[in-house]
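Trainee: For reference, the structure I am asking about is given below.
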Amino acid sequence: MDISIHTSSLPHDDPEESLVFYRDVLGFEVRGDVGQGKMRWITVGPADQPGTSILLAPPVADPGVTEDERRTIAEMMAKGTYGWILLATRDLDATFEQVRAAGAEVVQEPTEQPYGMRDCAFRDPAGNMVRIQELR
């Protein structure tokens with residue numbers, strides 16, 4: 001079998017703020033932007049990895065989602081427990097400083113984890129956990 005990861009999805013509640021974070025702060029290129037207002041689906045990814053993308057999507061666009069589910073999703077996003085992603089970089093300290101300087105909410109400064117990796121964590125504008133590990 002030949003399977004690769006093409007696109008993973010993260011929710012957004014403000015497409016403009018999410019676009020600024022992923023494009024301007026993390027440096028991802030914008031590959032697609034469809035819809036309007038808060039109902040926008042924005043595809044971003046690293047310029048040197050054209051086959052891998054993140055879809056920033058409105059979390060409750062599915063017409064089958066109930067009002068109770070919409071409230072639960074909104075509550076989970078507000079707490080930062082709905083979506084997350086793990087990224088990697090060769091220079092964790094420089095990446096951390098750049099993201100922090102841009103005003104992102106710091107969850108964890110660069111730390112050597114007991115399970116053998118060094119990483120840090122931020123929240124994106126929608127509350128999603130963005131962990132960044134250091135490649136060795």
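Only the coordinates and a few stated rules stand behind these numbers; no lab work does. Since the structure is predicted, the reported quantities are computational estimates derived from the model, not experimental observations. Cβ placement follows ideal geometry from the backbone for every residue including glycine, while neighbour counts extend to all protein chains displayed.
Trainee: Looking at (1) within 18 Å of residue 12 (Cα to Cα); (2) without any contact (Cβ under 8 Å) to a residue 60 or more places away in the chain; (3) surrounded by 14 or more Cβ atoms within 10 Å (Cβ to Cβ); (4) out of contact with any helix residue (DSSP H, G or I) (no Cβ under 7 Å at 6 or more places or on another chain), which is the one condition that is false for residue 100?
Mentor: Failed condition: (1).
Trainee: Right, another one. Within the range 1-101, considering only strands (runs of 3 or more DSSP E) that don't extend past its boundaries, which have at least 1 residues that are of a type in the set (Ser, Thr, Tyr), at negative phi and under 13 Å from the mean Cα position of the chain (by Cα)? Walk me through it before giving the result.
Mentor: Details: elements: 7-11, 29-36, 39-45, 53-57, 84-89.
Fully inside the range 1-101 and qualifying: 7-11, 39-45, 53-57.
Trainee: Quickly run through the range 8-24 and pick out the residues that are surrounded by 13 or more Cβ atoms within 10 Å (Cβ to Cβ) and either under 17 Å from residue 83 (Cβ atoms) or in contact with a His (Cβ under 9 Å, 6 or more places away or on another chain) (or both). Don't jump to the end; show me each part of the working.
Mentor: Step one: list which residues in the range 8-24 are surrounded by 13 or more Cβ atoms within 10 Å (Cβ to Cβ), which gives 9-15, 17-23.
The answer is 9, 10, 11, 12, 13, 14, 15, 17, 18, 19, 21, 22.
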